[in-house]
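Read through the structure below, which is laid out as structure tokens, and then see the notes.
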Amino acid sequence: MADPLVALACGLSAAFLFLLLFGLSVYLLWRKRRTQMLYRGLIPTTPTIPRCTTPVLQTSQSSSYGSGDVPFFVPPRFKTTPQLKEGKEETEHAEEWELHPDLHTQRGSLTVGSWFPLGSIRPDLYELPEEPSEWALPNGSAIRLWFALRYQKEREQLVVSLLRAANLPTLCQGNVTLVKLQLLPSDDRRHHQAKARRKGCHPQFNDTFVFQVSNSCVDQCSLSMSMYTVDHQKKHRLVGQVLIPLRYSELKETAGKVQWRDLDNESDQPLSKNGDIQVSLNYNQSLHRLTVVVLRARGLQCCSDAGVCAQVSLKIHTQVVRNKWTTVAKGNNPSFNERLTFRLLPMQLDTACLTLQLQQPSTEEPVLLGIVVIGPFMYARGRELEHWNDMVSKPQELVRQWHPLGSADTVQGPQ
């Protein structure tokens with residue numbers, strides 16, 4: 001008899017606890033729903049925003065936020081009733097101008113250094129500025145290149161900013177434009193190269209490069225910039241080049257200022273006194289093969305019907321390793337188009353050079369018409385050094401270039 005009573009009492013207790021918990025849950029849900037309805041009633045559906053009487057943003061060009069920082073601005077103060085008179089507002093604006101004059105005049109591309117109210121329109125932001133004289137296009141067919149130089153004496157660094165170019169030939173319309181920058185004299189075959197961000201006759205670069213130059217050597221250096229156009233077959237064609245002598249006093253005066261130079265192209269280069277020779281070079285490191293293609297010459301000091309040949313000599317240090325000759329061509333603008341090959345090890349690239357001599361054959365002794373030496377820094381400077389460095393850095397193509405001919409007494413030995 002006792003067992004059924006105990007079971008009945010336990011069942012009633014469990015039912016009572018279940019009903020109590022259920023009632024408590026319903027009460028809490030009802031209270032939460034009521035609280036939400038009260039909050040909704042407090043928030044207006046169409047809030048009215050009063051007139052802004054104070055500046056909303058305040059930024060300056062001297063702000064120093066880190067890459068991960070979020071700038072904090074003081075929220076504006078709003079007045080529900082306009083109680084300020086027009087004269088008082090003008091006085092406050094005048095005092096604000098005097099306290100922060102730089103904030104109204106400075107503007108940058110990334111920061112807005114000015115005070116302005118929310119919703120105001122600034123017409124000066126929608127007017128295109130007049131083109132300054134520094135960006136004027138060149139006259140005629142000259143190719144112009146814009147850049148900026150800055151020398152940091154403490155770090156011994158030359159910072160070159162390549163900006164844009166203009167007036168390229170029409171054949172460059174669909175090609176990629178490259179500019180190779182090299183510091184001369186330099187025994188380093190490495191160089192910087194900039195690629196245009198868009199194709200066309202007026203490409204833009206907007207690239208910055210750094211050269212390490214000591215303070216004692218900056219006045220003896222020159223900056224060489226050569227522009228190339230690359231067609232669909234990946235062939236590089238020289239468009240023009242410019243050589244800028246560096247002087248510390250001039251770099252200090254023009255630090256960071258935009259400068260421009262008109263490039264010297266092949267047609268604009270005057271003939272040298274003894275004439276010029278055009279040569280193509282290629283070096284295959286895997287085959288240890290140096291290829292020299294003697295193309296043509298121009299402006300030679302000889303008779304128009306005289307026979308001319310080219311002698312190409314490979315030297316290592318001061319020793320002539322091999323001599324080779326082209327066939328005889330007639331005229332003072334002869335065309336050869338002959339390929340000559342030499343064996344050269346990669347470890348010998350810095351100690352070898354090529355000597356090209358244009359000769360007029362004779363029964364007694366050949367008459368020397370001109371000579372040029374193409375090689376590394378030990379033997380050559382200027383175009384000849386640049387041609388040798390291009391040959392080493394571009395093993396997949398024949399690098400072609402014109403070279404002025406000098407006399408035998410102007411050619412120097414290893415330095």
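The values are calculated or read from the model by the stated rules, or taken from the named source; none is laboratory data. On a predicted model such as this, the values are computed, not experimentally measured, just so you know. Glycine gets a Cβ as well: all are built from the backbone with ideal geometry, and neighbour counts include every protein chain shown. Protein only, heavy atoms only, side chains kept; ligands, DNA and RNA dropped before computing areas. Shrake-Rupley method; radii C 1.70, N 1.55, O 1.52, S 1.80 Å.
Couple of notes before you dig in:
- Boolean, residue 398 is surrounded by fewer than 22 Cβ atoms within 10 Å (Cβ to Cβ) and closer than 24 Å to residue 289 by Cβ: yes
- Looking at 328, 294, 312, just one residue is out of contact with any helix residue (DSSP H, G or I) (no Cβ under 8 Å at 6 or more places or on another chain) and more than 23 Å from residue 390 (Cα to Cα), and that residue is 328.
- Some residue of the range 237-246 being loosely packed, with under 13 Cβ neighbours inside 10 Å, out of contact with any His (no Cβ under 8 Å at 6 or more places or on another chain), closer than 19 Å to residue 182 by Cα and of a type outside the set (Val, Ile, Thr): yes
- Looking across 359, 319, 348, one residue alone is out of contact with any Gly (no Cβ under 8 Å at 6 or more places or on another chain) and farther than 18 Å from residue 372 by Cα. It is 348.
- Among the residues of the range 351-376, those identified as over 22 Å from residue 295 (Cβ atoms) and modelled with pLDDT of 90 or more are 351, 376.
- Residue in the range 297-306 that is open to solvent by less than 100 Å² (accessible area, probe 1.4 Å), outside any loop (DSSP other than H, G, I, E, B), at pLDDT below 90 and not assigned by the TED database to the domain that holds residue 235 present: yes
- Index of the failed condition, residue 362 passing every other in (1) in a loop (DSSP other than H, G, I, E, B); (2) open to solvent by less than 40 Å² (accessible area, probe 1.4 Å); (3) without any contact (Cβ under 8 Å) to a residue 60 or more places away in the chain: (2)
- Residue ID - modelled with the highest pLDDT, chosen from residues in the range 325-344 that are among the aliphatic types (A, V, I, L, M) and not in a loop (DSSP other than H, G, I, E, B): 340
- When residue 213 is tested against (1) in contact with a helix residue (DSSP H, G or I) (Cβ under 7 Å, 6 or more places away or on another chain); (2) open to solvent by less than 20 Å² (accessible area, probe 1.4 Å); (3) more than 21 Å from residue 238 (Cα to Cα), only condition (1) is not met.
- Qualifying residue in the range 234-242 (condition: modelled with pLDDT under 85, over 15 Å from the mean Cα position of the chain (by Cα) and β-branched (Val, Ile, Thr)): yes
- Pair list, Cβ < 9 Å and 6+ apart or interchain, from the range 232-248 residues that are within 20 Å of residue 260 (Cβ to Cβ) to residues that are part of a loop (DSSP other than H, G, I, E, B) and open to solvent by 70 Å² or more (accessible area, probe 1.4 Å): 238/266; 240/266; 240/268
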